[in-house]
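The values are calculated or read from the model by the stated rules, or taken from the named source; none is laboratory data. Small disclaimer: the values here were computed from a predicted structure and weren't measured. Counting neighbours? That spans all protein chains shown, and the Cβs are built from the backbone with ideal geometry, glycine included. The accessibility values were calculated without ligands, DNA or RNA, using every heavy atom of the protein model including side chains. Shrake-Rupley method; radii C 1.70, N 1.55, O 1.52, S 1.80 Å.
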Amino acid sequence: MNFKTTLVMLILVLGLGAFWLFSPAHKPEIAKEPEKPAAELKYVLDPRPEEKDIVRIQVELAGKPRQVFERSAKKDTPDQMEDWRMLEPIAAATESFQVSGIATTITTLQSRSSFEPGGKDAVSLADAGLEPPQATVTLLDKAGKQYVVEIGKKAAMSSDTYVRLGGQMNVLVANREIMPQIKKEASAYRAKKLLSLKQDDVTRIVIQHEGRTYDFSRGADKEWVVNAPLKAYGAKDKLNTVVSALALLRADEFVEDNPKSLATYGLAEPFLSATLTTETRKQLPAKPEDAAASQPAASQPAEPQFETLTATHSIAVGGFADMSKSEKRYAKLGDQPSVVSIRQTEVAKLTPKMSEWRDPAITRIQAAAATRLELTADGSTATIEKQNGVWVGSDDLTALEIPAVTDLLQTFEDIRAIDYMDDAKLAECGLEKPRAIVRVSAAGAVEPVTLKIGDVTKSGKNAYVQREGQPSVIVVSAAQAQRLAVTPLSLRARSVFDASENQVRRFELTREGTTFAAERFDGAWKLTAPADMPGDVPSIIMVASNLARLYARRVVAKGDDAAYGLDAPVVTAKFAVETPVTPPPATQTSQPAGPPEMQVAERSLSVGRKDGVAYCKRNDQPYVYELDETVFKLLTSELLERKLFAFKADDVAAIAVSLAAGGVEFARDGENWTFVPDPYVKPQQPKIKELVEAAAQLRVENYISFRGGDVATGPLATPAATLTIRLKDGKAATLKLAPETGETDPRIAAWVEEARVFRLPAETCKKLLNNLDYYLQADQPKPGAPPQSGMPPGGMPPFTPPPPDDE
């Protein structure tokens, strides 16, 4: 056996010996000291009263005024208690839960032990803080039983407190620290919520501020009315917020009780005072004789009786309590002697803002309830009435535009005040001679409501109106005012003609000395004048359709053609409408009817233009209508064939565009196109096909000369671009385009071979006039477009060679 083996065996022996020595089975048992039983806790008050039965609390603290609190059972529910009130050192409402905390602390107080003071090793009364006691708490319960607890010092090295029951010698060691709950200042128990009321019970608010009285009342419908300084409706949400601010108003600090002078706090002449009136409906207890009288035969419950209890609550707000910051003001309740401080942010909610506290709804008339409308403007007055649910007018308003009537009445309902001016001069607001007066009567309203519409403000964004019977001038949106300041004629029906396109047999338009005529033959339209000219059928159909059922934006005048450019019309239209003849009643039979007899009525129309606005007038009526701009453009649109070329894109063999800065020339090579000057250039084929297609489908905006035009002078003498098209049959078409006059303006162009001069839309020209760089650029894929088939997003990934084979 060598040394290494001997050493290993020695270590093993020592380890086994240590395991045997220290294993739990061989540990010697250590005797345990028997546990002392925990001290039994006992209630200090025995028998112990319930906190809910305590009706009076008195707290006496050394060197401080006595605190006394009382409460009583509710009259209607005797098993419930009213909130605690403070009687001393001042009569005041309390934070009831804070006072209940005193009662709970004393009634649930428990002791660990007791001892007789002055005995061997016992603490003396003086050392226990009970000679005299630091505090004495006296409780009184419903039955009139009194409980007195004297409170001393906290026991050393613990949270226990020495206490003693009134009239007893032994000292008890209570199991908790008591003084933090008992030694509070009286202000800690006082209610910081200043007013005790229900917001829904408030029926009136009166606020005095800066020498003015603001009086608001709320009716049974919960709507507010302004009684002073003027008569108006109140803003319900805003005034409810004022009530809420008063009801929730809290004292920040209690400053002084029973002050000698209110002037010190700015309360002799308050900054603001507010008085609330509440009406609380209370059910009266049923009387036996009433119950018996109400149930003679059937056993029905007695009708409940109620009484209304009226109360007032007032508060005065004085000067700033912190002059440097102006964040607090002094305040005092009308029935309380104490001065408190409150936050300026809360006072700001009470400061009258009549522009906000008045209801912005000016008329309070519902459009659907309107029964009569009287409108005065532009020197004329008209009245319409609702009869059997239908609006009826007379004279110029025999035919009514019902949507216009509805819009006027809806605006009358919706118009809202932006601000109010109580001392405005009517003449300066355009209200001595208003531009319009609107008077509306409604079902359920005692009197009609009248609005006068004045001038716009200097900014042009707002306007002045005034409600009849109220002195204030109201600022409203200029747009709303404009919708009310309409003439009576604007309510006239706006339908100029009412037929259908298939009833129109022919029409004739005369403009700029040229007459265009079209007629329907076997259901198809054909241009008949100018003679031997091709017509643009889609445009002809659109003209016929719009003439047949012409609808204007509004009626603007009666007569006065010159004021609307109708003394020298831009367009004169005549058309014939075919309608069935209605036979007299005597000739009607029950036999099957044959084809109806038709009659043709001639219609005529003049169209003028003044200050960029189009107007029209039927030649058999005096009314002037404002036309929509799209209708005017249609009546002045090109009626000749607007498609310039008859060939198709597949007929084109070559196309060239000559520009001041270069150009392009492409020739067809089978299915593809080549760039003629350099066949090695590879242009984008789709873009060339778009060019050829655009050229083949060219549509003019209007013709200057359909035949015999001058293609070599004027703006065409030095063209900005030339487009040359060669067809497969050898024919060619050459277009010259004049320089542009504006980015969006039509451009003058000419078809040289046909001597045809016309205007092309700006967008069309942009499609034709591109240089070579445009045709060499590939179109960028649209955002979110899927990758080409077989190609992963982002393109083909880089090639990665395979790993070499293992050797």
Practice task
Find the relative contact order for region 435-566 and round it to a whole percent, using C-alpha pairs within less than 8 Å whose residues are 6+ positions apart.
Solution key: 18 percent
Fill in the blank from the handout: Rg/Rh of region 105-236 (Cα atoms, Kirkwood Rh), to two decimals, equals 1.41
Problem - Cα centroid separation, region 319-361 to region 459-481 (Å) - result: 32 Å
Fill in the blank from the handout: Summing -39500 (n - 2.57) over every DSSP H run of at least 4 residues in the chain and dividing by its residue count gives a helix-only mean residue ellipticity at 222 nm, to the nearest 500 deg cm²/dmol, of -4500 deg cm²/dmol
Completion exercise
Expressed per residue, the solvent accessible area of the chain in Å² (1.4 Å probe) is about 58 Å²
Handout entry: ³J(HN,Hα) computed for each position of region 58-68 - Karplus, 6.51 cos²θ - 1.76 cosθ + 1.60, integer Hz, glycine/proline x
Key = 10, 10, 10, 10, 4, x, 10, x, 5, 10, 10
Exercise for the section: Compute the acute angle (0 to 90°) between the alpha-carbon long axis of helix 537-548 and the principal axis of greatest extent of the alpha-carbon atoms of the chain; round to the nearest 10°. Expected result: 70 degrees
Exercise for the section: Could you quote the convex hull projected area for the chain, Cα atoms only and averaged over all directions, in nm²? Expected result: 91.3 nm²
Exercise for the section: Would you kindly find the accessible area of Thr310, with a 1.4 Å probe and non-protein molecules such as ligands, DNA and RNA excluded, rounding to the nearest 10 Å²? Expected result: 90 Å²
Fill in the blank from the handout: Karplus ³J(HN,Hα) for region 180-195 (6.51 cos²θ - 1.76 cosθ + 1.60, θ = phi - 60°; Hz, whole; x = Gly/Pro) runs x, 7, 8, 8, 5, 5, 4, 5, 5, 8, 6, 5, 7, 6, 7, 10
Completion exercise
The simple spin-label model distance between Lys192 and Lys238, using points 7 Å out along Cα→Cβ, in nm, is 3.0 nm
Practice task
Evaluate the relative contact order of region 42-189 (contact order divided by residue number), counting alpha-carbon pairs under 8 angstrom at least 6 apart; express in whole percent.
Solution key: 25 percent
Completion exercise
Neighbours of Tyr214 by Cβ distance under 15 Å: Lys/Arg at +1, Asp/Glu at -1, summed charge +3
Exercise for the section: Take each of the peptides 669-681, 547-559, average the number of other beta-carbon atoms within 10 Å over its residues, and list them starting from the highest. Expected result: 547-559, 669-681
Practice task
Taking the chain as the reference, fit the longest principal axis to its C-alpha atoms, fit the long axis of helix 402-414 to the helix C-alpha atoms, and give the angle between the two in degrees, 0 to 90, nearest 10.
Solution key: 30 degrees
Practice task
Take the Cα of Thr572, step 7 Å along the line toward its Cβ, and report every residue of region 601-630 whose backbone nitrogen sits under 15 Å from that point.
Solution key: 603-608, 617-620
Exercise for the section: For the pairs Lys353/Lys461; Lys154/Lys193; Lys643/Lys689; Lys145/Lys332; Lys222/Lys386, note any where the Cα-Cα span goes beyond 28 Å. Expected result: Lys154/Lys193; Lys145/Lys332; Lys222/Lys386
Practice task
Work out, step by step, the length gained on full extension between Glu428 and Ala143: first 0.36 nm times the residue separation, then minus their alpha carbon distance; give nm to one decimal.
Solution key: 94.8 nm
Handout entry: Portion, in percent, of the accessible area of the chain that falls on carbon or sulfur, probe 1.4 Å
Key = 52 percent
Fill in the blank from the handout: Zone reached by a paramagnetic label modelled 7 Å from Ala694 Cα along Cα→Cβ, restricted to region 619-645 with backbone N below 19 Å, covers 643-645
Exercise for the section: Work out, step by step, the length gained on full extension between Ser477 and Thr630: first 0.36 nm times the residue separation, then minus their alpha carbon distance; give nm to one decimal. Expected result: 52.2 nm
Fill in the blank from the handout: With label points set 7 Å from each Cα along the Cα-to-Cβ direction at Arg553 and Asp745, the distance between them in nm comes to 2.4 nm
Practice task
Using only the alpha carbons of region 703-779, determine the length spanned along each of the three principal axes and report them from longest to shortest in whole angstroms.
Solution key: 42, 37, 19
Fill in the blank from the handout: Projected onto their principal axes, the Cα atoms of region 526-636 stretch, largest extent first, over whole-Å spans of 58, 40, 21
Exercise for the section: For Ser114 and Ser326, calculate 0.36 nm times their separation in residues minus their Cα-Cα distance, and state this gained length in nm to one decimal. Expected result: 70.7 nm
Exercise for the section: Return one number: the angle in degrees, 0 to 90 and rounded to the nearest 10, between the long axis of the Cα atoms of helix 3-22 and the longest principal axis of the Cα atoms of the chain. Expected result: 70 degrees
